[in-house]
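> Quick one: this structure, given as structure tokens, is what I'll be asking you about.
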Amino acid sequence: MSRGGTLPAWVEYSSVVDRTVKEGIVSRDPEVMSGELVFSGTRVPAKNLVDYLKAGHTLEEFLDDFPTVSREQAEGYLQMTLEAADLARATR
């Protein structure tokens, strides 16, 4: 259950992802990268950002290597992942 005890965590997580789609941060289309979650308007998988950061690269390096992704999109996606992580912790 969620922090408020009314919705399952996956529903809350879905709403976090839905919000980022509506805000133009990420998108998912079966015709683009086989339906993988990508930064909107690009073919750059959102997972690449996390992989870059895990490997010790900076956000600046990611943005330099993927110029089609805006800083706002990258920061918005990171915010979404933090919110999702918070939801996951709250349900343990």
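FYI, it's all coordinate maths here, none of it is from the lab. All figures in this text were calculated on a predicted structure; none of them were measured in a lab. Note that each Cβ is placed from the backbone with ideal geometry, even for glycine, and that neighbours are counted across all protein chains shown.
> Out of residues 5 or more away from Val44 or on other chains, whose amide H comes under 5 Å of its own, with H placed 1.01 Å from N in the peptide plane?
Amide H to amide H, under 5 Å and 5 or more residues apart or across chains, Val44 pairs with Phe39.
> How large is ³J(HN,Hα), in whole Hz, for each residue of segment 68-84 in order, when computed from phi with the Karplus curve 6.51 cos²θ - 1.76 cosθ + 1.60 and θ = phi - 60°, using x for Gly and Pro?
7, 9, 7, 4, 4, 5, 4, 5, x, 5, 4, 4, 4, 5, 5, 4, 5
> Sequence-distant or interchain residues sharing an amide H contact under 5 Å with Val26, placed H: which?
Hits under the 5 Å cutoff: Val21, Ser40.
> What list of ³J(HN,Hα) values in whole Hz, one per residue of segment 48-56 in order, does the Karplus curve 6.51 cos²θ - 1.76 cosθ + 1.60 (θ = phi - 60°) give from phi, with Gly and Pro shown as x?
4, 4, 4, 4, 4, 5, 4, 7, x
> Roughly what would the spin-label model give for Ala88 and Glu61, points 7 Å off Cα along C-beta, in nm?
Each label point lies 7 Å from its Cα, and together they span 2.3 nm.
> Starting at the first residue of segment 35-42, write each ³J(HN,Hα) from the Karplus equation 6.51 cos²θ - 1.76 cosθ + 1.60 with θ = phi - 60°, in whole Hz, x for Gly and Pro.
Ordered by residue, 3J(HN,Hα) equals x, 5, 5, 10, 5, 3, x, 10 Hz.
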